[in-house]
Amino acid sequence: MSILIDRDQGIVSPALVPAEGDFARDHAGAELNIGLINNMPDTALKATERQFMKLLQAAAGPRRIRFHCFSLPSVKRSPEAKWHVESEYSDLSDLKRQRFDGLIVTGAEPVAPELDQEPYWRDLTELIDWARINTRSTIWSCLAAHAAVLHLDRIERQRLPSKCHGIFDCETVTGDPLTRGAPAPLKVSHSRLNEVTEGDLTQAGYQVLTRSARAGVDVFVRQYASRFVFFQGHPEYDALSLQREYLRDIGRFLAREREAYPALPVSYFDAATEEKLVRFEKRARHQRHPALTNELPALTLRPDIAAGSAAAALFRNWLQYLDADTEAPLPAR
């Protein structure tokens, strides 16, 4: 999938992936070439495409963005999702034949006890090494961030006592162009079972940009030939993303596909909804059956979650960084 994103004209699809000569001519104008390596679970695959396209469109300013979707071939997919990737996404081999200003790499649903045992580990580490010298900047999101620091510096993620799931207030730790103009506090969605700690990151030479008192490190960076930007959270999530995950996990509990009932997302549902969901949980534990999902109460979110405001600032600044750096040539390959 290659899509041309223009703030004024909207999202124009399809747009052909340009040959290198065509891209060189196009790049003389205000156009950026950005790739999304979408490894999210099947249920979130299309939503993730939309979220990042919407973010880039809102952040584009006067630029045009040529947006390409890829996925690691070793990520396990259902037949339907595999068909979508094979028919709509560009082949990963095309990535290394093009010149990309920026790259966004998402996490994937873990299937192995350790990251370096995942079936996609080899593909992912090869991508990390390639992006380090062949992009101006790459964003690594959630599990992809954990995988990158493990591969680059052997920083091991640590299992949390309980899932970090909800909307968390994050503060800016140090001045950096990436967080310029960001709201204070930044309200960011987190949804993860593991973390990398600030102490391990700073000791290895990473710079922490934002953190949460409750969720820990949020955004951190490291400069190689490419500027690597790491998100432990999901600033791209829309307002309903955490709700979809929470309902999915309730469904899995009722179907006995998971043993633990999911905890309520932090600072997400309003007080009345939380009370209804606590009552529903008691009932679900007593009457554990998939059909009970039909009796879930109506859900109302808190009015102050500010979905997308943090991402809008971060991605606007990221695109400005890419645009300002386009006069410097990428390293020769």
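The values are calculated or read from the model by the stated rules, or taken from the named source; none is laboratory data. As the structure is a prediction and not an experimental result, all values here were calculated from the model. Note that each Cβ is placed from the backbone with ideal geometry, even for glycine, and that neighbours are counted across all protein chains shown. Just so you know, the surface numbers come from the protein's heavy atoms only, side chains and all, with ligands and any DNA or RNA stripped out. Shrake-Rupley method; radii C 1.70, N 1.55, O 1.52, S 1.80 Å.
Data overview
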item: Net +/- balance of residues flanking Thr106 in space, Cβ distance below 12 Å, scoring K and R +1, D and E -1; result: -3
item: Spatially proximal lysines relative to Lys163 (Cα-Cα < 27 Å; intrachain offsets below 8 disregarded); result: Lys46, Lys76, Lys187, Lys276, Lys282
item: Heavy-atom accessible area order for Leu193, Leu152, largest first, 1.4 Å probe; result: Leu193, Leu152
item: Contour excess over end-to-end distance, with Cα ends at Leu247 and Ile133 and 0.36 nm allotted per residue; result: 37.0 nm
item: Heavy-atom surface of the chain, accessible at 1.4 Å and reported per residue (Å²); result: 45 Å²
item: Accessible surface of the chain, 1.4 Å probe, proportion on carbon and sulfur as whole %; result: 50 percent
item: Answer label, with semi-axes √(5λ) of the Cα gyration tensor in Å calculated from the coordinates and candidates (1) 33, 22, 20; (2) 39, 22, 17; (3) 35, 19, 17; result: (1)
item: Cα lying deepest toward the dipole's positive end in the chain, options Gln232, Ser162, Ile37, charges on Cβ; result: Ser162
item: Kirkwood hydrodynamic radius over Cα pairs of the stretch 44-148, then Stokes diffusion coefficient at 20 °C and 1.002 mPa s, in µm²/s; result: 145 µm²/s
item: Distance (nanometres) between label positions extended 7 Å along Cα→Cβ at Tyr224 and Val278; result: 4.7 nm
item: Separation in nanometres of the label points that stand 7 Å from Cα toward Cβ, at Leu264 and Ala112; result: 3.8 nm
item: Trypsin sites (Lys or Arg not before Pro) restricted to DSSP loop in the stretch 157-191 with at most 15 other C-beta within 10 Å; result: Arg180
item: D (Stokes-Einstein, µm²/s), Kirkwood Cα radius, the stretch 144-196, 1.002 mPa s at 20 °C; result: 165 µm²/s
